[in-house]
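The values are calculated or read from the model by the stated rules, or taken from the named source; none is laboratory data. A quick note: this is a predicted structure, and the numbers were derived from the prediction, not measured. With ideal geometry, Cβ positions are generated from the backbone for all residues, glycine too; neighbour counts draw on all protein chains shown.
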Amino acid sequence: MENGALIQLDTSVLIDYLRKTKKANTFFVELADRYDYFAVSVITKFEIYIGCTEAQKPFWNAIFENITVLPLNNECIEAAIKIQQQLKKKSKQIDLPDLLIAATAYQNGLPLATLNTKHFNRVDNLELVARL
């Protein structure tokens, strides 16, 4: 394990954890063996809660009590603008939530764990961590 290591999780990692009955087989559990701390963008928290049911809220509340929620601040917005301009030049734009999640990871100097490499690998200089 990388001592004291922090990684940002994409929404896809958390949704996968919710949906799978065998939690030990999830990417989230795999990451827990490699990293000490987890963070998410406030955008991930937003995506989770707008898509969850009342019955799922206690599950998500427990998850978010133990994960740092990174704010979407001015520096993240500036990073998002630069990333969007680069993606637009390549005609490889991504959805706004993914753009803001990527910008948060980039601005905070964090690797981003995702099951959605198809979109996030378009972002230059973003360290992605994918399933082994």
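Here's a check for you: in region 2-43, which residue that is acidic (Asp, Glu), surrounded by 12 or more Cβ atoms within 10 Å (Cβ to Cβ) and within 14 Å of PRO111 (Cα to Cα) is nearest to the chain's Cα centre (by Cα)?
ASP10
Got a sec? Which of ASN116, ASN125 is buried (at least 16 other Cβ atoms within 10 Å of the Cβ), at pLDDT below 95 and out of contact with any Leu (no Cβ under 9 Å at 6 or more places or on another chain)?
ASN116
Among the residues of region 39-55, are any over 18 Å from LEU99 (Cβ atoms), touching a Lys or Arg at 6+ places or on another chain (Cβ under 9 Å) and at pLDDT 95 or above?
Yes - at least one qualifying residue is present in region 39-55.
Determine whether LEU96 is surrounded by fewer than 13 Cβ atoms within 10 Å (Cβ to Cβ), of a type in the set (A, V, I, L, M) and out of contact with any Cys (no Cβ under 6 Å at 6 or more places or on another chain).
Here the answer is yes, as LEU96 does meet what is asked.
If you check every pair at least six apart or on different chains, which have Cβ atoms under 6 Å apart with a residue in region 53-67 that is touching a residue at least 12 places away in the same chain (Cβ under 8 Å) first and a residue that is in a helix (DSSP H, G or I) second?
Once the first residue is touching a residue at least 12 places away in the same chain (Cβ under 8 Å) and sits in region 53-67, its partners that are in a helix (DSSP H, G or I) give TRP60/ILE48.
What number of residues within region 44-80 are surrounded by fewer than 12 Cβ atoms within 10 Å (Cβ to Cβ) and among the hydrophobic types (A, V, I, L, M, F, W, C)?
Within region 44-80, residues that are surrounded by fewer than 12 Cβ atoms within 10 Å (Cβ to Cβ) and among the hydrophobic types (A, V, I, L, M, F, W, C) number 3.
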